[in-house]
Structure formats: C-alpha cells, structure tokens
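The next block holds one structure in the form of structure tokens; read it before the comments.
The values are calculated or read from the model by the stated rules, or taken from the named source; none is laboratory data. In this text, all values refer to a predicted model and were calculated from it rather than measured experimentally. Cβ sites come from the backbone with ideal geometry, for glycine too, and all protein chains shown count toward neighbours.
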C-alpha cells in the first residue's frame, strides 16, 4: 500500500510496519487485537483534511521507494556470497 502511495493503518504485529510506517507521518499504528484502538486510528484517518491525506500519500510513496529492486538484489547477493 505504501508503494501505491496510500496512507497506512496497520497493526503492531505487521513486520512491514517497522519499515514502511512512521506513526502520524504517513499513517497510524494500532495494537493488534484492540478493536477500539483500530477504530480510533481509522477515525483519525477519516478526520484528516485533504492536504494532510495528500501529504501522507506522498510520504508513504517516498518511504516505499527507499527499497528498490537493485537494493534487494544486492541484499540477496550478499547473503549468497557468505
């Protein structure tokens, strides 16, 4: 979703959230299994004005594009060369 340029609402057990989510910068993190917390974060997202949502979209896209196919290939090669 980040690479699609969307703001995120993700749980604290989602491994990708550590890389692709910065709290209140491009989305919100909720405690897994806490329905009230999820509801609060979704409501917070819905209450953003258009400009705030647009900024979150752009920030998600920027965070996602820090990992490129070339970076992944280098990471894989470094593991294989050990």
- Note on the structure: Filtering the stretch 60-69 for residues that are in contact (Cβ under 8 Å) with a residue 40 or more places away in the chain and either in a helix (DSSP H, G or I) or surrounded by 14 or more Cβ atoms within 10 Å (Cβ to Cβ) (or both) leaves a count of 5
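Residue-by-condition table, conditions (1) modelled with pLDDT of 95 or more; (2) in contact with a strand residue (DSSP E or B) (Cβ under 7 Å, 6 or more places away or on another chain); (3) surrounded by 13 or more Cβ atoms within 10 Å (Cβ to Cβ):
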position	(1), (2), (3)
13	yes, no, no
29	yes, yes, yes
34	yes, no, yes
37	yes, yes, yes
41	yes, yes, yes
44	yes, yes, yes
47	yes, no, no
50	yes, no, no
56	yes, yes, yes
- Task: Would you point out the residue of the stretch 21-51, among those that are part of a loop (DSSP other than H, G, I, E, B) and touching a helix residue (DSSP H, G or I) at 6+ places or on another chain (Cβ under 6 Å), that is farthest from residue 64 (Cα to Cα)?
- Result: 31
- Item | Identity of the residue in the stretch 1-11, in a loop (DSSP other than H, G, I, E, B) and within 10 Å of the chain's Cα centre (by Cα), that ends up surrounded by the most Cβ atoms within 10 Å (Cβ to Cβ) | 2
- Six or more apart or on different chains, Cβ under 6 Å: which pairs go from a residue in the stretch 15-30 that's in contact (Cβ under 8 Å) with a residue 24 or more places away in the chain and on the phi > 0 side of the Ramachandran plot to one that's outside any helix (DSSP H, G or I) and surrounded by 12 or more Cβ atoms within 10 Å (Cβ to Cβ)? Could you list them? 27/7; 27/8; 27/9; 27/21
